[in-house]
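Down below is the structure, laid out as structure tokens.
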Amino acid sequence: MKIAVPSDDTQNISAHFGRCTYFIIYTVRDKKVIEREVRNNNYCPHRMGVCPKMVKSKKDKFVEKVRASAVGGIRDCNLLIGRFINPTLKSTLKKYNIDYRVVDEKEGDKTVEKYLSGALTDRSADFSCEHPQCQCNCLGEFIADN
């Protein structure tokens, strides 16, 4: 099993999946992390300067390509653990059979250990953006409090 965590500093969970600088990839066997890999996020066009508003104005094929590229760096993973998930990312993850958990945790390593021990609280219902107009993560008041 492989678990992906978006990060900007290779330690903490990034507030925004698509704009993160890195993906921390944990390879897990028998509920233990056997490998920790850091990948550069060269996949999501947010990182390369494509504005989400520009994406909205493009044709469906372009938008689908952008969505697919956003998960390009984690397609070999089974699970994404992040701080926010918008409806677009949910559907894209589902298309590639990647499950997700939304957490209000900060540190990637500790969060994965909590997940493996069964102690991680999934906050998907509390912190998922459900605004259909959003093309990027809607951070709302939660991010302002942190």
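The values are calculated or read from the model by the stated rules, or taken from the named source; none is laboratory data. Fair warning: this is a prediction, and the values are worked out from it, not measured in the lab. We place every Cβ from the backbone using ideal geometry, glycine too, and count neighbours over all the protein chains shown. Quick note on the areas: whole protein, heavy atoms, side chains included, nothing else; ligands and nucleic acids left out. Shrake-Rupley method; radii C 1.70, N 1.55, O 1.52, S 1.80 Å.
Quick look at the values:
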quantity: Paramagnetic reach from K106 (point 7 Å along Cα→Cβ, amide N under 16 Å) across the stretch 10-25; calculated: 10-16
quantity: Distance in nm between pseudo-label sites at S117 and D30 (7 Å out along the Cβ direction from Cα); calculated: 1.9
quantity: J(HN,Hα) series, the stretch 12-28, from Karplus relation 6.51 cos²θ - 1.76 cosθ + 1.60, nearest Hz, glycine and proline x; calculated: 9, 6, 6, 6, 9, 4, x, 9, 5, 7, 9, 10, 8, 10, 10, 8, 10
quantity: Per-residue SASA entry for E107, accessible area with 1.4 Å probe, Å² rounded to 10; calculated: 80
